[in-house]
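J.: Dumping the structure here so I can ask a few things about it.
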Amino acid sequence: MSTELEENFASVLATVLVMIAYFTKSIRRGRLRELIARFLMGEDQKLKSLQQDLDQYVKHGAELVLIEIKNSMNCIGDQTTKTSAQVEDIGHRTKKIDVSVENVKDNTLAIMDLIQQQHHSKRDDDLYDILKPTQSPENKLASIQRTRVSGTGDWLQSEPLFQRWLRQDESLLWIAGNPGSGKTFLATAVVSSLLNEAARRNGSGHDTSVGFFFFDKTGPYNRVGGFHQALKDVAWQISRVNTDYADHISSQCRSWADVDTTHSAWRKLFTSYFGSPGRPLYLILDGIDETDETGDHGREEFLSLLPDLTGKFDDSMSSHPQISLLMLGRPHLTNSIKLAAYGKRATMATIHIEAQKNKADLSKFIDRGIKKLSLDESYRNLQQRIRDTIEAKAEGMFLWAKLMFDILSRQRNEEQIIECLDEAPLGIKKMIDEVLKVFSSTLKGSEPEELNLILAWLACATRPLKLAELDAVLMRMSKSGKRVFSLEKRLREDFASLIVLVRDDGLSTGALQSQSQALSTNKTANVFNSIPATTNVMFSHASIAEYFQSGNGKFSQRPYLPAIGVVTSEAQLAVLQTCLEIFVDPGEEGRLEAAQLLQTYAAQNWFYHLEKASVFLGEVSEEDQLQIVKLLVPLLSQQPILRSWCEEIPWSFFTPKSAGTIASWANFTDIHGKEVQDATIDAWITTCKSKPVEIFLPAASVHAKEALHGHDWTSVESLRVIAQIRALVLDDRTLDLQPDPMPIETMMEAADWDGLEQTANWHRKLAVGLRNCGYINEAVENFEIALHMDRNLISARHGLAVLYDDTGYHTKAINLQLENISLLLEQDMAEKEHDKKVRLCTTYRFIARIYEKKKDTERALEFWRQTFDTGVMEDPWIFQYVKALARTPNESRWGSIVSILKTLEERPGPNGSGSYLSHCLMKEIWPELCMPARFYIFATAAKKTGQTAWLDQAYQTAIAASNSHLTTIVLKVALTVLRKRFGGRYDETAPLLEEIAETCILAQAAKIEDLDRCKRTIGNDFGLLCVRKVAEHGLNHKVTEHFRKMLTAFCDSGVPPLDLPTKVRYAEFTPVYLAYSQRLSGNTQSARDIIKPYVAESYQLETEGEPVRRGIGLLWFVMIYLALGRDDDAASLFCFAHSLEVWCCSECGKRTFDREGACICRYCFFVFCSDCLVRRTDPTLCVASHSLIDIGLRSVISKEGEILFRNKPAQVEQCLEIIRKEWGFN
């Protein structure tokens, strides 16, 4: 090739890259729509110039090629025939180049779309890291939706103050109600109504946002995050459906520090955006009385922000944020809210929940409760008596009615029911007393003691307990350590009025059971048993939690029956004693197993329970007090016990206040004059009396030995603990009075304080601490001292290599690690072979990562391979190796990846559970279909090597081994994608789709992130499956009815994206399939009602004039009319879309505009060009052989822009006008 031709090709490539860069820059500036329109219309001068340059380069290049060929022909006369063929081939190639130039627009648009998706993905990942959202509000909404009677809260719509709030005439509305009066039901009704209305109106000039949070005293986040966490959760909710808002807060917040207080979160996440016109927000906060009053995230802090909405302190403001705040809580907060928002003299919009207002709601609730009692028609009078009594005594409180029905369900005859109704007390507390009395008369054997222990732990625990932890508590109660039979079933069924179980996907098991029965399906019969390790157990209502946490006492039906309930002093003491015994006296067999399950909770919370129990020291017997002291002494003195709990305890725990709390138990014992026949305990009590902080000395000693002579403990954290205890004992400056990082003088004093021998490992661990605090020179010095003392100290050389790598001296780091490898290979460590492998693995991995930094792929892969060959390489490093392999151009990489996966299949997983391959499949499990996603690499390798069936089985094994409901459902989604996209095993995909959909349906209106993604991923496939089933079985068939109901429930559960424009833009077709199934079932009007909003949106897209959006609108019109059975209309519109190059062949992926005989399937909407029609595959998600509409023989295009529509030639604009009138749009 001549130099001139080479330069020409380089110019072509450079011009294309400049065009792509220009598009990328516009995307980053948020000008995507504008650029697309200008580009396609030829109005962008820069792009026009670039395209002209590209045309010239291509044309000149073709001329140069022909000249070069002619020169070659003159030089080689005997190659005429061959050269002629070359000329012809070059001619074809030149034509292809011309076509490629025409396709630059298509390719660039595709690149733009990919860049935009990546931008949104990165933005969402960044926001998630900044906001750290919980699933608490979405889970709560879903839970209430499942139990709420339809129509509950409708009375609120007729309240004038509520209507003023809806119109944003009132920026703040306060709804007050007594405990159990249905405030949360009311909040749920408001949230649901607003969400539905926002989804209907958004995209039509009404970009309304809705945010909500349900505070719950028993919830895991209420104690920690309060209003601060609530604001971040609401921001995350809104960002999921409002991309403009997501972009805004992404630009406002660069890290979590930007929103680390309630005030900064309010300012950055809310007033900065919703302060602009046209951006209304409805914010609903329920249960604000269940939050802490004071503190950084407490109620007072949030209420101080209310003047931003009401303008209390700044009447001169021309406008306030368009935030309409609705708060619900108990009446006693009314004055404090009014004062914070308006001051003393102003009035506040307030609605009180009164019995007469929610009487209709309560009546519906009562009717449902009576139905559950299963009283036949002969008991009509009894049913009426139940209804009248509960309505009269409940005083508008749903919780009272619920507890009453629980009591009635336990009665055996009419006489007992009437007696309970007559004796039913007024008020929630008295009703809970009655429930406990019923339990005292019905529970047998050890059941009363077990229930009391359950109630005590639920009332005292710092967080919701896992079902496995509660099971362990009961095992500890048993002397033999035996497990209680059917604990979950008993909690869910026998104690459902007081206790609820919530799985890790946010779904209550009781609700799941009842809804699975409503679906009338047997396939889900065994799906809903909880996984104990991931299922939370908590009180079913805030008022119930408050009742037991307040310690209202124990009650029994008769004096001789066991009393049931919680006495706070007894409960806290029992929990404290269990926490201490877990370390001091763990027991054997079952009791030891239970202690291990509870060890994490006990380590984190034993002191909390000690503080709470200390409040009741005056009520504690001398024997119980002495027992606690006997447990505290070894807990704080014996080094093996200290090692089991104090590694993760921060330095801030060790304070005079903590020491004083502990010492109060010893002092109290001494005051009572209890003789202690143990010198160790006597000495410990003496220390408590003389200088309490000295009881921490054994902990400092343990930290010194483990951190400076041991291997596993983190030296920096341990040195902080030692420094803090040293300061307390010597009355020196504590760490809270010193700068961070810890001064080097303080570190050295802490290291020397225990007087340990300064061995090589001592210097090595000190060096690690110095390095991590940024004292580089001192760290190097101590590493070198360690190596001077022991040249075989592998860990010292490794630590020095880390330091060199961190400071950019990569070659030095590699040389040090290579020396370590030589030493390790020379060592004879037969008795510690595993330790040797781990060290080699760490060293090889370290070198591999350095070579990756240096962009030396070949050497990196060499050391990754050696890392893996040790047999102890762990995830995520295994996947780091797999990714490195996948990026290489060598085709053999896929076989290498499968070989790695099969090796992992033979290796046991962590803790011996399942295979290590199952463990890897459960990490980063979402089935992303692009590099470098784990699923994509694994699936591609399996397909390239013919191992998809093997990988399919591996996923099934992982599903069986999963201990999380969420992980299980996502693994099943991944399996459907594997079977469909990589294996072509559609027949096996269908039952999985149905199973996943059934589980997602049970979530109802939940906004759980992972379940939403599951629904989004399988939505179109499940919709098609349902349509196929309905089409195959026809009208009046039970299968037809089953799948129609399932698809309806699936769509009602909320398939994202929820807002209509985004749903249309990103081709979420489930509404089309739902309308399709309704029409095939004979419900034509229902089909039209479902599809009408999408017709309107498609019409809007078509009339906007932007080419890309017009194309999307055309596609939707074709599918809509196919769903409605209007094949001729669909075919006419499809022909026009076909001529505009809008549609691609579903088989080959190429544009179908230049191919006659294109067909579209009326069910799955697949398009086949004439070339692929004869060799098409028949995916079994659709009907056999598809149901094709052939448009190749229809000459519907008469002239440019005109189609044959309903047997008459018409311009597309005329067709749209006909459609508009037909559907009645303005």
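The values are calculated or read from the model by the stated rules, or taken from the named source; none is laboratory data. Quick caveat, the model's predicted, so the values are computed rather than measured. Glycine also receives a Cβ, built like all others from the backbone with ideal geometry; neighbour counts cover every protein chain displayed.
J.: Could we say that Pro698 is in a loop (DSSP other than H, G, I, E, B) and either at negative phi or surrounded by fewer than 23 Cβ atoms within 10 Å (Cβ to Cβ) (or both) here?
T.: Against the criterion (in a loop (DSSP other than H, G, I, E, B) and either at negative phi or surrounded by fewer than 23 Cβ atoms within 10 Å (Cβ to Cβ) (or both)), Pro698 does not qualify.
J.: Something else about it: Does segment 270-292 hold any residues that are at pLDDT 90 or above and in contact with a Leu (Cβ under 6 Å, 6 or more places away or on another chain), and which are they?
T.: Tyr282, Leu283, Ile284, Asp286
J.: With Lys312, Lys338 as the choices, which residue is at pLDDT below 80 and within 29 Å of Thr208 (Cβ to Cβ)?
T.: That would be Lys312, the only listed residue that is at pLDDT below 80 and within 29 Å of Thr208 (Cβ to Cβ).
J.: Identify, by number, the condition in (1) among the hydrophobic types (A, V, I, L, M, F, W, C); (2) outside any helix (DSSP H, G or I); (3) over 39 Å from the mean Cα position of the chain (by Cα) that Leu824 doesn't meet.
T.: Of everything listed in (1) among the hydrophobic types (A, V, I, L, M, F, W, C); (2) outside any helix (DSSP H, G or I); (3) over 39 Å from the mean Cα position of the chain (by Cα), Leu824 misses just condition (2).
J.: Does Asp952 count as among the charged types (D, E, K, R), under 27 Å from Gly912 (Cα atoms) and either in contact (Cβ under 8 Å) with a residue 12 or more places away in the chain or outside the structural domain of Thr1070 (by TED's automatic domain parsing) (or both)? So that I can check it myself, show each step before the final result.
T.: Working: among the charged types (D, E, K, R): yes; under 27 Å from Gly912 (Cα atoms): yes; either in contact (Cβ under 8 Å) with a residue 12 or more places away in the chain or outside the structural domain of Thr1070 (by TED's automatic domain parsing) (or both): yes.
Judged against the criteria, Asp952 is a match.
J.: I would also like to ask the following. With the condition kept exactly as written, say whether any residue in segment 1100-1123 is at pLDDT 90 or above, surrounded by fewer than 16 Cβ atoms within 10 Å (Cβ to Cβ) and in the same structural domain as Thr1062 (by TED's automatic domain parsing).
T.: Scanning segment 1100-1123 turns up no residue that is at pLDDT 90 or above, surrounded by fewer than 16 Cβ atoms within 10 Å (Cβ to Cβ) and in the same structural domain as Thr1062 (by TED's automatic domain parsing).
J.: Take Lys402 and tell me if it is of a type in the set (D, E, K, R) and crowded, with 19+ Cβ neighbours inside 10 Å.
T.: yes
J.: Just to check your reading of the model, which residue among Arg934, Arg893 is outside the structural domain of Cys1014 (by TED's automatic domain parsing), of a type in the set (Lys, Arg) and more than 15 Å from Trp877 (Cα to Cα)?
T.: The unique qualifying residue is Arg893.
J.: Looking at (1) under 24 Å from Ala723 (Cβ atoms); (2) at pLDDT 95 or above, which is the only condition Gln577 fails?
T.: So the condition that Gln577 fails would be (1).
J.: Something else now. Of all residues in segment 668-715, how many are modelled with pLDDT of 95 or more and of a type in the set (Val, Ile, Thr)?
T.: Residues that pass the stated criteria total 3.
J.: Looking at Gly203, Gly225, Gly182, can you tell me which residue is in contact with a His (Cβ under 7 Å, 6 or more places away or on another chain) and either at pLDDT below 90 or β-branched (Val, Ile, Thr) (or both)?
T.: Gly225
J.: Further question: Condition test on Arg490, is it basic (Lys, Arg) and more than 27 Å from the chain's Cα centre (by Cα)?
T.: For Arg490, the condition - basic (Lys, Arg) and more than 27 Å from the chain's Cα centre (by Cα) - is met.
J.: Sticking with this one: Looking only at segment 1202-1216, decide whether some residue is at pLDDT 85 or above, within 30 Å of Leu1025 (Cα to Cα) and hydrophobic (A, V, I, L, M, F, W, C).
T.: no
J.: Also, I was wondering about something else. Does any residue of segment 1071-1089 turn out to be basic (Lys, Arg), modelled with pLDDT of 75 or more and touching a Lys or Arg at 6+ places or on another chain (Cβ under 9 Å)?
T.: yes
J.: Six or more apart or on different chains, Cβ atoms under 7 Å: show the pairs whose first residue is in segment 750-765 and aliphatic (A, V, I, L, M) and whose second is in a loop (DSSP other than H, G, I, E, B).
T.: Ala760/Asp790; Ala760/Leu793
J.: What residue, of Lys357, Lys402, Lys371, is under 16 Å from Ser543 (Cβ atoms) and either in contact with a Gly (Cβ under 9 Å, 6 or more places away or on another chain) or outside the structural domain of Phe185 (by TED's automatic domain parsing) (or both)?
T.: Lys402
J.: Here's a follow-up. Which count do you get for residues in segment 711-728 that are assigned to a helix (DSSP H, G or I) and either exposed (fewer than 15 other Cβ atoms within 10 Å of the Cβ) or not aliphatic (A, V, I, L, M) (or both)?
T.: We begin by selecting, within segment 711-728, every residue assigned to a helix (DSSP H, G or I); these are 715-728.
Then keep just the ones that are either exposed (fewer than 15 other Cβ atoms within 10 Å of the Cβ) or not aliphatic (A, V, I, L, M) (or both); that gives 715, 717-718, 720, 724, 726.
Matching residues across segment 711-728 total 6.
J.: Which of the residues belonging to segment 323-337 are surrounded by 20 or more Cβ atoms within 10 Å (Cβ to Cβ) and more than 10 Å from Gly177 (Cα to Cα)?
T.: Within segment 323-337, Ile323, Ser324, Leu325, Leu326, Met327, Ile337 meet the criteria.
J.: Only one of these conditions is not met by Glu647: (1) assigned to a helix (DSSP H, G or I); (2) more than 28 Å from Ala679 (Cβ to Cβ). Which number is it?
T.: The single condition Glu647 does not satisfy is (1).
J.: From Phe879, Phe868, which residue is modelled with pLDDT under 95, of a type outside the set (D, E, K, R) and not in a loop (DSSP other than H, G, I, E, B)? Don't jump to the end; show me each part of the working.
T.: Numbers: Phe868 fails: modelled with pLDDT under 95.
Going through Phe879, Phe868 in turn, the sole match is Phe879.
J.: Follow-up question, since we're still on this one. May I ask you to list the residues in segment 1082-1096 that are part of a helix (DSSP H, G or I), surrounded by fewer than 20 Cβ atoms within 10 Å (Cβ to Cβ) and not hydroxyl-bearing (Ser, Thr, Tyr)?
T.: Initially, segment 1082-1096 is screened for residues part of a helix (DSSP H, G or I), giving 1084-1096.
Next, only the ones that are surrounded by fewer than 20 Cβ atoms within 10 Å (Cβ to Cβ) stay: 1084-1086, 1088-1089, 1092-1093, 1096.
Once the filter is applied, which keeps residues that are part of a helix (DSSP H, G or I), surrounded by fewer than 20 Cβ atoms within 10 Å (Cβ to Cβ) and not hydroxyl-bearing (Ser, Thr, Tyr), segment 1082-1096 yields Gln1085, Arg1088, Asp1089, Lys1092, Pro1093, Ala1096.
J.: Can you tell me which residue is farthest from Thr976 (Cα to Cα) among those in segment 1034-1046 that are crowded, with 17+ Cβ neighbours inside 10 Å and free of Cβ contacts under 8 Å to residues at least 40 places away in the same chain?
T.: Step by step, filter segment 1034-1046, then rank; the result is Arg1044.
J.: Would you check if Gln572 is closer than 17 Å to Ile641 by Cβ, in contact (Cβ under 8 Å) with a residue 24 or more places away in the chain and not aliphatic (A, V, I, L, M)?
T.: So Gln572 does not fit the description; no.
J.: Follow-up. Which number in (1) among the basic types (Lys, Arg); (2) free of Cβ contacts under 8 Å to residues at least 60 places away in the same chain; (3) within 27 Å of Leu186 (Cα to Cα) marks the one condition that Arg412 misses?
T.: Here Arg412 clears every test but (3).
J.: Out of the residues in segment 441-455 meeting the condition of being within 19 Å of Ile544 (Cα to Cα) and touching a strand residue (DSSP E or B) at 6+ places or on another chain (Cβ under 8 Å), tell me which one is surrounded by the fewest Cβ atoms within 10 Å (Cβ to Cβ). Let's see the steps before the verdict.
T.: Filtering segment 441-455 for residues within 19 Å of Ile544 (Cα to Cα) gives 448, 450-455.
Cutting the leftovers down to touching a strand residue (DSSP E or B) at 6+ places or on another chain (Cβ under 8 Å) gives us 448, 451-452, 454-455.
Values: Pro448: 19, Leu451: 23, Asn452: 24, Ile454: 22, Leu455: 22.
By that ranking, first place goes to Pro448.
J.: Could you tell me which of the residues Leu458, Leu465 is crowded, with 20+ Cβ neighbours inside 10 Å, in the same structural domain as Ile544 (by TED's automatic domain parsing) and over 25 Å from Gly369 (Cβ atoms)?
T.: Leu465
J.: Those residues that are closer than 24 Å to Ile418 by Cβ, assigned to a loop (DSSP other than H, G, I, E, B) and in contact (Cβ under 8 Å) with a residue 12 or more places away in the chain, I need them from segment 346-386; list them, please.
T.: Ala355, Leu373 - these are the residues of segment 346-386 that are closer than 24 Å to Ile418 by Cβ, assigned to a loop (DSSP other than H, G, I, E, B) and in contact (Cβ under 8 Å) with a residue 12 or more places away in the chain.
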